[in-house]
Amino acid sequence: MTRTWMRYCGLAVPPLAWAVGTQLGQITPYLDCRRQMVWTPALCSALSLISIAGAAASRLAPRRVGRTERFVIDAGFLIASAFVFALVLQGAASMLLDPCQR
C-alpha cells in the first residue's frame, strides 16, 4: 500500500502542473518584460520536469496489479505524456516570443 500513490501520479500531477503553467503564463510575461529576466521559460521547464516525474512515477508503479489497476496506470502515463507535450510547446513558445511585444 505504500506505493499506491504512484499509480495515480500520472493522472494528477501533469494536469495540475499544466494548469499552474497556464495561469502563471498569463502573469510572468509582464515580469519578464519589466525586469528583463526569463521567468516564463524557467517556469515552463520546471513544470515540465515535474510532469515528467509524475509520468515516470506512474509508469514505475508496482507490476503485480490487477487488470483495472494496470489500465489506470497506463492511462495515467498516456495522459501525462500529453500534458508533458503541452508544457514543452508552452515553453517553446515562451522562448520564441518576445514578452515585451503587445
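One table, with the values for the structure above:
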item	result
Selection status of Leu60, of a type in the set (A, V, I, L, M, F, W, C), open to solvent by 70 Å² or more (accessible area, probe 1.4 Å) and in contact (Cβ under 8 Å) with a residue 40 or more places away in the chain	yes
In the range 1-55, residue nearest to Ser81 (Cα to Cα) [restricted to those that are of a type in the set (Lys, Arg) and touching a residue at least 24 places away in the same chain (Cβ under 8 Å)]	Arg7
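The rows are residues; the columns are (1) open to solvent by less than 90 Å² (accessible area, probe 1.4 Å); (2) part of a helix (DSSP H, G or I).
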{"residue": "Leu11", "(1), (2)": "yes, yes"}
{"residue": "Ala19", "(1), (2)": "yes, yes"}
{"residue": "Gln26", "(1), (2)": "no, no"}
{"residue": "Tyr30", "(1), (2)": "no, yes"}
{"residue": "Arg34", "(1), (2)": "no, yes"}
{"residue": "Ala46", "(1), (2)": "yes, yes"}
{"residue": "Ser51", "(1), (2)": "yes, yes"}
{"residue": "Ala75", "(1), (2)": "yes, yes"}
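The values are calculated or read from the model by the stated rules, or taken from the named source; none is laboratory data. As the structure is a prediction and not an experimental result, all values here were calculated from the model. As a convention, Cβ positions derive from the backbone with ideal geometry for all residues, glycine included, and neighbour counts pool all protein chains shown. With ligands, DNA and RNA removed, areas are computed over all heavy atoms of the protein, side chains included. Shrake-Rupley method; radii C 1.70, N 1.55, O 1.52, S 1.80 Å.
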